[in-house]
Every structure is written in structure tokens, then in C-alpha cells.
Amino acid sequence: MKDNEWQGSQVWLWAPVVLSVGGVLVSGYLSVKRFTGGSLACTRWAECDVVNNSVYAKFYGVPVAFIGLAGYLVLLGLALAALQAAAPVQRRLLALGFLLALGGVGFSVYLTYLELYVIEAICVWCVISAILITLLTLLSGMNLWRVSQESPHTSPTPSSRHPKDVSRNGH
């Protein structure tokens, strides 16, 4: 791979790291507020506290903000590991990150449905998280596709690992 191509691919691999950090910050803020209490910083048109204090702010007894924080931390770890990994392991890390992010989008769609049609209130922090996880899923899928195109799944044959010099062997 040419040097400028390698740098370009590294930029795309860093994007999920940046988005995951954003998700950690958002869900971390919501987790701290959930743990310590107090009102959330919110816009005029949103009702963040209504959403954050609703019965739907917990999933099987676990605050949704904690689930988000754990998810974003795992995605951050996978994204950082993918930056350092060799091609076959990198592909697996990217695939796992993509699948987990896709699950996060599904969960986010469910929570957004609850906000709009059940709670009838919007939390701007939840909207930001939904945007982040959607972008993270799209970029993770793009990175997985790109890396799969750059490094095919074929393994080298024994003859390609140690090519014979035809002129020296006389064959």
C-alpha cells in the first residue's frame, strides 16, 4: 500500500474512535446525572429530565445511560485495537464493532420510539447519542468493507510464500 493510501485508511479507522469518545462523553454525562441527580442541561424545545426520569430510563433495572456508556467504551476499545491490529485480526475487530454498533442503532431506534410515542418528550442528549451511534455504524461498516477489499480472504499457497527461482533450479 502506498504511503498516502495508508494514511487515508488510518484516517477512516480513527473516525470510529472519535465518535466513540463522543458517545462516552454523552453517556458519561447522562450516567453521572443519573447517579448524582439534578437537572440535565437541555434546550428549550426538549424535555431531557422528563425522559431521563421516566420508567423507560431503565432497562431491566439498569439505567439506559449506563448501558450506553458500557457500549461506547467497548466500541472505543475495539476501534483502538483495530488501529493496531494486522489484517486478519483487524477484520474481525471491525466486524465485531460493526455488529455491536448495529445493535446499538436498534436499541436507539427502540428508545427513540419510546421518546416520541410513549413518553412524548425528546431528550437532546438522546438525539445526539442516536446520531453518534448511527454514524459509528455507517463508518464501521464502511471500514469493514474497505479493509475486506484491501486484504482478500485468500491465504498464500506454499509456492507463493517461497517462490522458486526457475533459472537457478534449471526447471
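The values are calculated or read from the model by the stated rules, or taken from the named source; none is laboratory data. Values in this document were obtained by computation on a predicted structure and should not be read as measured data. Don't worry about glycine lacking a Cβ; one is built from the backbone with ideal geometry, like all the others, and counts go over all protein chains shown. Surface accessibility is based on the protein's heavy atoms, side chains included, excluding ligands, DNA and RNA. Shrake-Rupley method; radii C 1.70, N 1.55, O 1.52, S 1.80 Å.
A few remarks follow.
- For LEU144, the shell of other residues with beta-carbons less than 14 Å away shows a net charge of +2, using +1 for Lys and Arg and -1 for Asp and Glu.
- Taking a ≥ b ≥ c as the square roots of the eigenvalues of the Cα gyration tensor, the stretch 62-111 is classed as oblate, since a/c reaches at least 1.5 and a/b does not exceed b/c.
- Using a probe of 1.4 angstrom and keeping all protein chains present, the accessible surface of the stretch 1-119 works out to 59 square angstrom per residue.
- Relative contact order of the stretch 73-158, pairs being alpha-carbon contacts under 8 Å that are 6 or more residues apart, as %: 33 percent
- Based on C-alpha pairs under 8 angstrom that are at least 6 apart in sequence, the stretch 1-129 has a relative contact order of 35 percent.
- Interchain or long-range residues, amide H under 5 Å from PHE59's placed H: VAL64
- Charge sum, other residues only, whose C-beta stays under 14 Å from ILE119's C-beta, Lys/Arg counted +1 and Asp/Glu -1: -3
- Neighbour net charge for ASN53 - beta-carbon separation under 12 angstrom, K R +1, D E -1: +1
- Rounded to the nearest 20 debye, dipole of the stretch 1-153 from Cβ charges on Lys, Arg, Asp, Glu: 220 debye
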